[in-house]
Every structure is written in structure tokens, then in C-alpha cells.
Amino acid sequence: MTPLLEVENLRVSFPTPRGPVEVVRGISFTLGRERLGIVGESGSGKSMTGRAILRLVRPPGRVAADRLSFDGLDLRSQSEGEMRRLRGARISMIMQDPKYSLNPVMTVGEQIAEAVRAHARMSRRALRQRVRDMLEAVRIEAPDRVAKLYPHEVSGGMGQRIMIAMMLIPEPDLLIADEPTSALDVSVRAQVLDLIDDLIKRRGMGLILISHDLDLVARYCDRILVMKEGEIVESCPAQNLGAATHPYTRALLAAAPRLDETRAELPVLDRSAA
Amino acid sequence: MTLDLSRPTLRDWLLADSPASRTQARLGRAYRASLALLRNPLAVLGALIILALLVLALIAPLIATDPIAQDLPNRLQPPSGAHWMGTDELGRDIYARVIYGTRITLEIVVLVAILAAPLGLVIGAVSGYFGGWADRVLMGLTDIFLSMPKLILALAFTAALGPGIEHAIIAIAISSWPGYARIARAETLTIRRAEYVAAVELQGASALRVIWGHILPLLTSSLIIRVTLDMAGIILTAAGLGFIGLGAQPPAPEWGAMISRGRSFILDQWWVATMPGFAIVIVSLGFCFLGDGLRDVLDPRSAERR
Amino acid sequence: MSALMLQNLDVAYGETVVTHGITLDIAEGESFALVGESGSGKSTVLKAIAGLAPEWTGAISAFGVPRGHGVDRGFARQCQMVFQDPYGSLHPRKTVDATLAEPLRIQRIGDEAARIEAVMAAVGLAPRLRFRFPHQLSGGQRQRVAIARALMLAPKILLLDEPTSALDVSVQAEILNLLKRLRREQNLTFLLVTHNLAVVSFLCDRLAVMRGGRIVEVASVAQLKHGTMVDPYSRELARLSAHALPAPA
């Protein structure tokens, strides 16, 4: 069975006054219809990886890879028009803050309808029913009422669920979620992630969950990649994360405070190599 | 990476990662901004044009003959070796008049900027910071002046005070400051809510200190850009005033007035009106290019990325 | 000795009353947390204490001295604040040196250079960073500057508004260690606002859980750690914050 996504030696670089800087330095991984988590701190290149897959890295940034294929399609050789057809239809992306990704001057219902119309034609009544179905699929009660609201009138968690609804309408094969819950309250995070999890499983989708939160990724993914400064330093199944071997991963695990904290001081990353 | 072990150059000092004094930090930032500006070819062109304007104004007596010396037998001569831009209807050398005209243009532009910009800046910042009735009063005042078209105001002024370049300058300045006040106010409204303003208020800072030391410095970038871009318009307005006889009075070589007088000969002796016209176009373009380049460089958001 | 006392604090923004009847008594040297989700009003309480939300009723006092509404210079020397966003809390046109010198100038305290150097050393900022601009610093360094700025006037009380939320985990660890150390060395009183209960476990002695503008429960951190808080909402928050991963060996 062809893996859903194959990445080999992916490199992303940006020019700076001091010469080109590589943000992603030759990473390789494959993804089946499973949940993959990419964890790292800021500057690790995890978000860039997600964007590079969708070819959303704009010049002057440059993307290069020995292999970058999605379901057998070579993503490197697709034209921009072909990529546009892929994006949203077969590979979807959810980003961090719904405040910035939802159009503030259109109601929620209109935006979902727009997403539907982009991929299929249907009568207005069918469209409204589809919008209702999508909102219910993301567990929003009173979907008719919510459809008439503007983005600033809904809470963060609901906004993110609306984003998920929009992204899942065309039934993509792969979902890339870049910090989908960082801007949300703790109590809402679990709801949104459970929802993503459920939708992924039911539709047999692949998921790439990008986050700085090791704990979150361990809970919602099958496999984890840890990135540091553009490279993958650890790759392991999620349940084995506690037994991770790379010092960076262990340091990240140890540096987070815990609810039942007993340490007088938190262990700090050794940055002397930086 | 060069392995240069000689003593550090001025450039190294300016670009140092860790400046050792406030002056070094400030100069370093100015240097980086200039480097960024120089990377933009249009901005460089604009800067060169403005520089040329300044230099020509300065050395005018050295490169041109008397701009008001009449030579009636030689009136309306086409451009030639003796008169590079030809002569006007009174036999005056147009080239000399264009060169000396740079002084008048510079005078107008600098005085309007000095009068209008600081006034607009302060009014806008005060209005934006305090809000409430201060805001309403000041913005009401601004609106009154904003609604006056420049040319009509100038007409009114010179009707009242008599024609002359100084009155034209005041008229243009008075109709320019409201634009700057509005921009300053809009930006102040955003800056006022920033956490660094909250932090300094928390330390006990007075309103004066906050406005002068924290808000105004952030407004200067957009103001510089705005003023530079407006210079083109100011020059054209002054030329327009000169055209209708309200600006510089004869025999002063003001470009707008020159175009006006050349109007009657435009078909046969095109050079009389066109030469000063070129001058106006080139200088206006210069300010536009420079202003655009400055905007790319001075915009605080792009500065953050550097 | 009570360092910070709030009595029946109601804070309003225009027409809306955002917090209701907040009453707290924080002892000197204590580290106290206000936790809650967004919209709970915890940041608003902090802002009112800092003088940034002038419409409040009730009483706020530091070391027995009541606070006026708005800017209060005397209060500034008792109580300072560290803001959440390291990217937004430093003036982009001022060097670290200028930012740290400002409070001294406002309060007319001399001996600038020596004080700046001392505080920079205390928060672990290398001297070579002194004349850099904020965009030349990392997130962790900026937050250290924000903490240094708060310490310039040698306050006894520090208000901390989500001081590590915007930082990476490893940087957060450094800053949390720093705060703990500073509190110990200078006998500071902390009032920390956060949504992260693990940070509370590490840094604080007591906490108050807020919801909908009211205090739902005041508990000790020991109760938090052992899961023996009383109110069901508090217990739910604690449950959601517990780690899935076992503690590393």
C-alpha cells in the first residue's frame, strides 16, 4: 500500500543579509493513514515542514527535496494550479488562531457555504443543509443560530471547530494541524482534539499534528517526530515517548512543570552548543 | 565568514551585535536602515534627485548666470549652446531660472514641512492619547481645516494679506497639518494600548513623558514617509499658486509662474513652459521614490523582521 | 503582615462589571496564583491593582496603605508588573539600557549605571546585551528584560500576568527558575495570573480559582497537588491539566 506521504531530504531555506539560512535541514519521514505528531520549540522548523508539504512557502524561501510525494503524486512537479486543486480538496490545513483565519466580515454560515461551493455545486437548500450537517459534525449545538453569527461573536473553541468543519468539507485524505489548540483554553482543547481525532478515525484520514506541547502530541498521535533546529532528533511511537533516548527529548520532557511538582528547580536545556 | 584580524572598521563597529553604548546602538540602527534603503534602486534614484536639488540650490551662482537679467533682443530663443534651455519672453536664460528656481522650491518644501508636520504630530498624539473631550475638540478643529481646499485657502490668504511666497507657504502649511494630525491620532490610538505604554504608566510616568518619550518616537517613521510623499503634492500646489499668480511674484524664477507665462507660447516656443515643467516632474518623482523607499525601510513591522 | 489586600473588588469596563466581590489577603513573601480560563476576569483583577483599569469599587491596599485610582507614584515603588507578551511589552525603539533607566528617571533615583548593571546580573542578562534593541533579543531574553524592568524600583510585590505563556517550554523553565530564585533572594510577594496549573504547582503557595468574574475557591497548592480541592469546577480544571505522561525517570 503506498504511504500517504513520503518526504525525503526536505530542505527549506531563506536568504538573509548574512547568506542563506536553512530552516529545515534535510528531514525524511513517511506517513500512512495514521496520526503523526511533529514536536519542537520555536525555530525548530516544524511549521515550515507543514507549509512545505503544501507548497505554501513563498519566495524568497526555497524548498528542495529528494522526494516529496502524496499518494504517489510528486508534489514538487505539480503546477500552482494543480496544487490549488490539491489544497483543501485532498490535503487540508488548520492553523493556530481562528481569529486570524476566519474572515471577519462574513458570517460563519456564509464562509462554510463558500468552502462547500468551491468544490461542488448544489442548490441553496442543499447548501444550507450541508452547512448544518457540517456544524453538527463538529458538535456545535443550535447550528442554525451559529451559522448566522460573525467570527468575533463566537468563542475561540467554537471558532476552531468551525475551521475544522470548513477544512473537512471536501473530505481530504490528509489533515495538517499546526498548533490547533494553542490559542484555546485548557478545557476546550480536549474537546477540539477529541473531535479531530474522531473525524480522522471515521474517515480514515492521515493527520500531521504540529505542536510545541509534547504531552498533547503524546496523547493524540500514534507516532512522534521531535525536531530541533531543522532536524529530526527523535522518532518513536507515542506510547514509548517516556523512554525516549535522545537527550534533547528527555530534556524537553523534564523541563515542563507538572501538576504534582516536587522539584525545587526545573532542569534547563544546555544551550552551550547553540 | 571572513577571517579578518586587522583592527575593526567603522562598518564593523556600526553593525556590531552588541553595541557598547546608546550612541553606537542608535547609529547602528540608522546605518542598517540606510543599507536597506540603498538596496532599493528607485529609492536610490529618488535620493539622488533630492541630493541634486540640494546641491544645485547651493551652487546656483557657480553654474548659472543671472536669472533676472533681461536681454530683449534675444527673447524666445530656442535651446542652443549659449542658452541650454533657451530664453523666455524677456530674454532671460531659462536654464539659469530653473537652477535658481530650485532655491524657491526648496524653501517652500522645507518651510511647509517644518510648520505643518510637528504641529499635526503633536495635535494628533495629544488627541489620541487623552481621548474624551480633548479628542473631540482637537479633531473637530482638524476637520475644519481638513475641509478647506488648499487653493481656495491660499486665495483667501493672499486676498487678505497680499500675494507673495511667504503667504503661499503659510496657506499650504495650514491646509497640510490636519492630514498629519489624523495619521498621528490613528497610530496613537493603537500604541496607547500597548503593554510598554502600560508598563511605563505603571512606573508613575506623567502623560507628557509618555507622549513625548514613548509615543512620538514611534510616530516619526510614518510621519517622515507621509511628509516625503506629500512633498510632490506641495510642490505642485505651490506651482499651481504660482501659475495663478499667487505664489512667488515676478521676477522670481518660481517654476509654476514660469509655466504660466510660457502658456501663451506653448505651441511655437515650447521650451519656455516645458523646461520648468520637467523640473517639477523630476523633483516630484524624486520625492515619491524616496518616500516609497523610506516606507519599506522605516515601517516598524518590517523593522521587527530584520 | 499582609502585603496585598483586596476587599470586595468590582472592576468594570464601561457598562459591564467584569469581576464581582473579589476579596483576597496575600501575606508578605507569599506566592499567590489567580487561575481561571479566558473570560474569568483574572487579568482584570491584576490590571485594577496595577492602576490600568481605573473603574473599580472596593478597596486595594499594599502593606496597609490604600491605593488610589489611576497612576499612583508611591504605589509604583511597592508594586510592579511583568506582562505576558515579551514581544509587546518592550518599546521597540528603546534599547535595554533605556528601558531599564526609565523607571529610575521617573522616580528620580540616581546611580543609573550601577543599578542597571546590578539588576541585569540578577536576572541573568549578559552585559553585552545592554544596548541592544528588543528585536535583537530572543523571547527569553526579552522576558528577562521585562522582569528586570519590574525590579528596577525594588518593589516588594510583583504582579505577573501569564509571564511564561508565550515562551517555549525550555525557556519557560529558565524563567520559572529565575522567578523562584528572585523571590527567595529578595523576599518578594508574587501575585501570578495563569491558566497553567503546573506552573502554579511549581511556583506558588496558594491559589484562587476564578470563574465568570468570581472567586470559586481559595486553596493551598498542596491541595492542588493531591487533588483535594473542594469545588467541582476547580477539580475539573486540575484534572484537565494533569499530564498523560509519567514523570521521566
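Details
- Globularity ratio of the stretch C:116-249, using Cα Rg and 2.2 N^0.38 Å: 1.18
- Beta bridges per DSSP, both residues in the protein assembly as shown: antiparallel share near 55 percent.
- 5 angstrom amide H check on A:GLY206, placed H, neighbours 5+ away: A:LEU174, A:LEU175
- √(5λ) per eigenvalue of the Cα gyration tensor, the stretch B:117-219, largest first, Å: 33, 12, 10
- Between helix A:124-137 and chain A there is an angle of about 40 degrees, using the helix long axis and the longest principal axis of the Cα atoms.
- The orientation-averaged projected area of the convex hull spanned by the Cα atoms of the protein assembly as shown comes to 44.9 nm².
- Descending principal axes extents, the stretch B:1-118, alpha-carbon based, whole Å: 69, 38, 24
- Rounded to whole Hz, the Karplus (6.51, -1.76, 1.60) HN-Hα couplings of the stretch B:63-70, x for glycine and proline: 10, 9, 7, 5, x, 10, 6, 8
- Per the Debye calculation on the stretch C:21-87 with a single equal scatterer at every Cα and no solvent contribution, log₁₀ I(q)/I(0) for q = 0.11, 0.29 Å⁻¹ amounts to -0.28, -1.65.
- Values of log10 I(q)/I(0), in the order q = 0.07, 0.09 Å⁻¹, for chain B under a Debye, Cα-only, solvent-free model: -0.38, -0.59
- The stretch C:1-154 pair-distance distribution - Cα-Cα, 5 Å bins, rounded %: 2, 9, 16, 18, 17, 15, 13, 7, 2, 0
- Per-selection Kirkwood Rh - chain A (Cα, Å, 1 d.p.): 19.9 Å
- Both radii come from the Cα set of the stretch B:198-306: Rg as radius of gyration, Rh as Kirkwood radius; their ratio Rg/Rh reads 1.26.
- Residues in the stretch C:191-207 carry Karplus couplings, in order, of 10, 10, 9, 7, 9, 9, 5, 5, 4, 4, 4, 6, 9, 10, 9, 9, 9 Hz; the curve used is 6.51 cos²θ - 1.76 cosθ + 1.60 with θ = phi - 60°, and Gly or Pro positions show x.
- Legend: ranking of residues C:CYS204, A:CYS236 from fewest to most surrounding C-beta atoms inside 10 Å; resulting order A:CYS236, C:CYS204.
- In terms of surrounding Cβ atoms within a 10 Å radius of their Cβ, C:HIS226, B:HIS167 rank from fewest to most as C:HIS226, B:HIS167.
- Largest first and in whole Å, the equivalent-ellipsoid semi-axes of the stretch A:1-152 read 34, 19, 15, each the square root of five times a Cα gyration tensor eigenvalue.
- For the pair the stretch A:96-165 and the stretch C:1-77, the centres of their Cα atoms are 39 angstrom apart.
- Its Cα gyration tensor gives the stretch B:60-168 an equivalent ellipsoid; the semi-axes, largest first and in whole Å, are 45, 16, 10.
- Neighbour-count ranking [beta-carbon atoms within 10 angstrom, fewest first] of B:ILE282, A:ILE169: B:ILE282, A:ILE169
- Over all projection directions, the Cα-based convex hull of the stretch A:117-192 averages an area of 5.6 nm².
- Against the empirical 2.2 N^0.38 Å (N residues), the stretch C:74-157 has a Cα radius of gyration ratio of 0.99.
- Only lysine pairs 8 or more places apart, or on different chains, with alpha-carbon atoms under 18 angstrom apart are counted in the protein assembly as shown, and they number 4.
- Between helix B:22-38 and chain B: long-axis angle, C-alpha atoms, 0 to 90°, nearest 10: 50 degrees
Taken together, the values in this text are just the output of simple stated rules run on the coordinates, not laboratory data. Everything numeric in this text was worked out from a predicted model, so none of it was measured. Backbone-built Cβ (ideal geometry, glycine too); neighbour counts: all protein chains shown.
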